[in-house]
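Only one structure is covered here, and it is reproduced in the block below.
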Amino acid sequence: MSVDLGMPAARPRPIADRRPTRQLQVGNVAVGGDAPVSVQSMTTTVTSDINATLQQIAELTASGCQIVRVAVPTTDDAEALPIIARKSQIPVIADIHFQPKYVFAAIEAGCAAVRVNPGNIKKFDDQVGAIARAAGDAGVPIRIGVNAGSLDQRLLAKHGKATPEALCESALWECSLFEEHGFRDIKISVKHHDPVVMVQAYRLLAQRCDYPLHLGVTEAGPAFQGTIKSAAAFGALLSEGIGDTIRVSLSAPPADEVKVGIQILESLGLRERGLEIVSCPSCGRAQVDVYQLADEVTAGLEGMDVPLRVAVMGCVVNGPGEARDADLGVASGNGKGQIFVKGEVIKTVPESKIVETLIEEATRLAEDMTDAGMESGHPSVSVAE
């Protein structure tokens, strides 16, 4: 018999309609408007070490990163930008603090965009006209990146601390200076380490402008804590249609940031899902080591990029139902596992063969999907009766 894998031909229904914004181009990546939410990260290498920086950019690209940011704190870093911008496979944003001269260097180097932190650049307001002309002539967007830890001293004095209102006011004030020079190719971020403050700041911005917004919880923390903070904040905002690009800031390798960001978007229906492992949390009913099974299946399928849902279940309460609902799954118990392919039991194997069998079947399904051409419709797989 032939079983329809039932995979969606297009993106799943998103969690909310996107907030209407103007659209801009960061290299070959459209941002805002009706463009998909994109995932960014930042290199941790010294930018002037060109080989190391390009190697990390290549790793980020392979992880699914769409836009990458590099720090430019020194002249040596600025001088490395032309080669990095030319050889990177994804658009490069130069991250500028303190020295406005590096903004002009980044534009001349061919960077796809420039991020400026007005609170860290002395007399930044006096430089806006020249920056606007240079960026406008080159077609380079500017991200106005306001951070709680480096808020303009005038606004700190006015508000007492980095409140949502202070962050929003800072960003919109800088936007108004660029607007005076006819420059509106702008993206905004207002980052804070507290997800509640961050969410409130972005909500204020969304009400008061139509610029695309880059979401981030700054200094979110180590991998576990930072993932939770980012998922909570991004989920709240994206569920309201707010957000056009995201960066998950973790004290962890940059590729991990990208993986978390992608997973957040997939979970909210804002990106076509790839491989998804559904596994039960285990309990006293479990008759197999679900944790080990899930870890071994995940490791065995690492790198698979087809939209395949694999269920690893440990008992008969929810196991068969979850396994039937997945593209591929196992319901385990009594020392054996029933292997399901789209609702049909295709075989029963000993517990020792569960992981091996799931990997074999997943590989076969992935090959069938690839051969059928996912873009052309719903592929099928033959199931032995």
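The values are calculated or read from the model by the stated rules, or taken from the named source; none is laboratory data. All values reported here derive from a predicted model rather than from experimental measurement. Note that we place each Cβ from the backbone using ideal geometry, even for glycine, and neighbour counts take in every protein chain shown. Heavy atoms of the whole protein, side chains included, go into the accessibility calculation; ligands, DNA and RNA do not. Shrake-Rupley method; radii C 1.70, N 1.55, O 1.52, S 1.80 Å.
A few notes on this one:
- When the Gaussian network model of the chain links Cα atoms closer than 10 Å, the mean-square fluctuations of HIS193, HIS214, HIS181 top out at HIS181.
- Where a label projected 7 Å from the Cα of MET304 along Cα→Cβ would reach, residues of region 260-285 with amide N under 17 Å: 273-280
- Kirkwood hydrodynamic radius (C-alpha pairs) into Stokes-Einstein, region 113-187, 37 °C and 0.692 mPa s, D in µm²/s: 262 µm²/s
- Applied to region 283-296, the Karplus parametrisation 6.51 cos²θ - 1.76 cosθ + 1.60 on θ = phi - 60° returns per-residue 3J(HN,Hα) values of 6, x, 7, 5, 10, 9, 7, 5, 4, 5, 4, 4, 5, 5 Hz, with x for Gly and Pro.
- Applying 1/(1 + (r/R0)^6) with R0 = 25 Å to the Cβ-Cβ distance of ARG285 and PHE224 gives a FRET efficiency near 0.35.
- Modelled FRET efficiency - R0 30 Å, GLU59 with LYS158, Cβ distances, 0.05 increments: 0.10
- Solvent-accessible area, 1.4 Å probe, carbon plus sulfur percent, for the chain: 49 percent
- Residue-count net charge about ALA286 - beta-carbon cut-off 15 Å; Lys, Arg +1, Asp, Glu -1: -2
- For ALA78, net neighbour charge (Lys/Arg +1, Asp/Glu -1) across residues whose Cβ lies under 11 Å away: -3
- The H on the amide N of ILE242, modeled in the peptide plane, is under 5 Å from the matching H of ARG19, each at least 5 residues off or on a different chain.
- Taking the DSSP bridge list for the chain and keeping only pairs wholly inside it, about 35 percent are antiparallel.
- For region 28-143: rounded, prolate or oblate by the Cα gyration tensor [a/c cutoff 1.5]: oblate
- 25 Å Cα-Cα threshold exceeded, pairs from LYS161/LYS229; LYS158/LYS229; LYS191/LYS259; LYS158/LYS191; LYS259/LYS336: LYS158/LYS229; LYS259/LYS336
- Charging the Cβ of each Asp and Glu at -1 and of each Lys and Arg at +1, and nothing else, the dipole of the chain about its Cα centre rounds to 1100 debye.
- Residue-normalised convex hull volume from the C-alpha trace of region 75-138: 68 Å³ per residue.
- For VAL278, the residues 5 or more places off, or on other chains, whose built amide H falls under 5 Å of its own are VAL310, ALA311, VAL312.
- Taken over region 254-356, the ratio of Cα radius of gyration to 2.2 N^0.38 Å equals 1.09.
- Separation of region 25-84 and region 109-163, taken as the distance between their Cα centroids, equals 19 angstrom.
- Measuring only protein heavy atoms, the 1.4 Å probe finds MET42 accessible over about 30 Å².
- Net charge over other residues, Cβ less than 14 angstrom from the Cβ of ASP295 (K, R count +1; D, E count -1): -3
- Simple label model, 7 Å out from Cα along Cβ direction - GLU272 to ASP125, nm: 4.9 nm
- Accessible surface of GLU179 - all protein chains present, 1.4 Å probe, nearest 10 Å²: 60 Å²
- Largest-first ordering by accessible area, 1.4 Å probe, given options THR61, THR43: THR61, THR43
- Accessible area per residue for region 145-253 is 39 Å², calculated with a 1.4 Å probe on protein heavy atoms, without ligands, DNA or RNA.
- Computed from phi, the 3J(HN,Hα) profile of region 343-353 under the Karplus parametrisation 6.51, -1.76, 1.60 (θ = phi - 60°) reads x, 10, 6, 9, 5, 10, 10, x, 3, 5, 9 Hz, with x in place of Gly and Pro.
- Under a model in which nothing but the beta-carbon of Lys, Arg (+1) and Asp, Glu (-1) is charged, region 174-302 shows a dipole of about 280 debye around its Cα centre.
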